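These notes concern the structure reproduced below.
The values are calculated or read from the model by the stated rules, or taken from the named source; none is laboratory data. Just so it is clear, the model here is predicted, and its values are computed rather than measured. Using ideal geometry, Cβ is built from the backbone for each residue, glycine included, and neighbour counts are taken over all protein chains shown.
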Amino acid sequence: VTAISVGPALPGQAGWLSPGAAYARALSGETCAVVRDDGTSSPLQAGRWLAAADEPDRELFVAPCAGPTLDVGCGPGRLVLALQQNGTAAHGIDVSREAVEHAQACGASVSRADVFSPLPEGLPGHGGWAHVLLADGNVGIGGRPVRLLRRVRDLLGPGGQAHVELHTGADIGVTTRTLRLHVGGRHSTSFPWATVGPDAIGRLADQAGLLLLRLDVSGGRRVAVMGHGR
Ligand SMILES: C[S@@+](CC[C@H](N)C(=O)[O-])C[C@H]1O[C@@H](n2cnc3c(N)ncnc32)[C@H](O)[C@@H]1O
């Protein structure tokens, strides 16, 4: 984490971007930083999400998935594409129109949808998925990981597994922060995001009705694999 000066970020300031608009600019190649409420910031890893799946991606999210797989917050779709190329029935959902359009243009099966809303028609719904992915820190979506994990649990069928990437930085436990994106000299409005460390995932899984089955590790990344707990 690097502290860089990105100027004042005061509510009411003119010229705010929506987080979606800032994210779209990052996906189109503009340099973008994630600014935390404590003033620290780090680059948004849009370049990695736009690239093809790498070896750790494949080991952590492609190899373990053998049935219908839903990638929640799939971004430009690199994991969905890699799953499809591996012969797995995969679908991604994301709230970002630009991310979804990018994924679809690459041939990935992706829909624009909010994970907390009913899934688009034609897709399996509750209990219909063998695997649900929360990759790249997506367990942070919405800032309330237990709520999100409960939603994931409901989507999983009997014997289904959730693959949840954990935080590798300094934060341990569960930390919910207010973030902004900073791109082209402008800030976005704020949005909540949580990080979950390996020490906390067992407790959160329990609260969400999931059972921690194992921890997959590759390339310094850690993914908790969970099944129905009750
Ligand atoms: C950290 S990025 C993950 C990138 C992605 N895993 C990839 O491979 O490109 C978080 C993603 O979650 C999406 N997102 C945020 N809130 C969401 C929600 N409520 N439902 C679905 N997707 C959401 C964002 O648009 C963004 O693409």
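Determine if the range 61-72 includes at least one residue that is surrounded by 21 or more Cβ atoms within 10 Å (Cβ to Cβ), part of a loop (DSSP other than H, G, I, E, B), within 12 Å of the ligand (Cβ to nearest atom) and over 16 Å from the mean Cα position of the chain (by Cα).
Within the range 61-72, none of the residues are surrounded by 21 or more Cβ atoms within 10 Å (Cβ to Cβ), part of a loop (DSSP other than H, G, I, E, B), within 12 Å of the ligand (Cβ to nearest atom) and over 16 Å from the mean Cα position of the chain (by Cα).
Restricting the search to the range 138-159, which residues are of a type in the set (A, V, I, L, M) and either within 12 Å of the ligand (Cβ to nearest atom) or farther than 23 Å from residue 123 by Cα (or both)? So that I can check it myself, show each step before the final result.
At the first step, the residues of the range 138-159 found to be of a type in the set (A, V, I, L, M) are 139, 141, 146, 148-149, 152, 155-156.
Result: 139, 141, 146, 148, 152.
Which of the residues that make up the range 85-100 are within 12 Å of the ligand (Cβ to nearest atom) and either outside any strand (DSSP E or B) or surrounded by fewer than 19 Cβ atoms within 10 Å (Cβ to Cβ) (or both)?
Result: 95, 96, 97, 98, 99, 100.
Which pairs do you get when a residue that is farther than 13 Å from residue 136 by Cα and in contact (Cβ under 8 Å) with a residue 60 or more places away in the chain, found in the range 39-50, comes within reach of a residue that is aliphatic (A, V, I, L, M) and within 12 Å of the ligand (Cβ to nearest atom), reach meaning Cβ atoms under 9 angstrom, with the pair 6+ apart or on two chains?
Listed pairs, sorted by first residue: 41/34.
On the given criteria, is residue 227 over 24 Å from residue 31 (Cα atoms) and either assigned to a helix (DSSP H, G or I) or free of Cβ contacts under 8 Å to residues at least 24 places away in the same chain (or both)?
Answer is no for this residue.
Return only the number of the condition from (1) within 17 Å of residue 141 (Cβ to Cβ); (2) at pLDDT 95 or above; (3) part of a strand (DSSP E or B) that residue 204 does not satisfy.
Residue 204 satisfies every listed condition except (3).
What residue, among those in the range 18-39 that are in a helix (DSSP H, G or I) and within 11 Å of residue 187 (Cβ to Cβ), is nearest to the ligand (Cβ to nearest atom)?
Residues of the range 18-39 in a helix (DSSP H, G or I): 19-27.
From the residues that got through so far, the ones that are within 11 Å of residue 187 (Cβ to Cβ) too are 19, 22.
Values: 19: 8, 22: 11 Å.
The selected residue is 19.
Would you point out which residue out of 82, 135, 108, 113 is out of contact with any Gly (no Cβ under 9 Å at 6 or more places or on another chain), in contact (Cβ under 8 Å) with a residue 24 or more places away in the chain and within 12 Å of the ligand (Cβ to nearest atom)? Can you show your working first?
Values: 135 fails: out of contact with any Gly (no Cβ under 9 Å at 6 or more places or on another chain); 108 fails: out of contact with any Gly (no Cβ under 9 Å at 6 or more places or on another chain); 113 fails: in contact (Cβ under 8 Å) with a residue 24 or more places away in the chain.
The unique qualifying residue is 82.
State whether one or more residues within the range 143-163 are without any contact (Cβ under 8 Å) to a residue 60 or more places away in the chain, part of a loop (DSSP other than H, G, I, E, B) and surrounded by fewer than 20 Cβ atoms within 10 Å (Cβ to Cβ).
Scanning the range 143-163 turns up at least one residue that is without any contact (Cβ under 8 Å) to a residue 60 or more places away in the chain, part of a loop (DSSP other than H, G, I, E, B) and surrounded by fewer than 20 Cβ atoms within 10 Å (Cβ to Cβ).
Among the candidates 107, 127, 75, which residue alone is crowded, with 18+ Cβ neighbours inside 10 Å, part of a loop (DSSP other than H, G, I, E, B), out of contact with any Cys (no Cβ under 9 Å at 6 or more places or on another chain) and of a type in the set (Gly, Ala, Ser)? Full working, then the answer.
Numbers: 107 fails: crowded, with 18+ Cβ neighbours inside 10 Å; 127 fails: crowded, with 18+ Cβ neighbours inside 10 Å.
Testing whether each residue is crowded, with 18+ Cβ neighbours inside 10 Å, part of a loop (DSSP other than H, G, I, E, B), out of contact with any Cys (no Cβ under 9 Å at 6 or more places or on another chain) and of a type in the set (Gly, Ala, Ser) leaves just 75.
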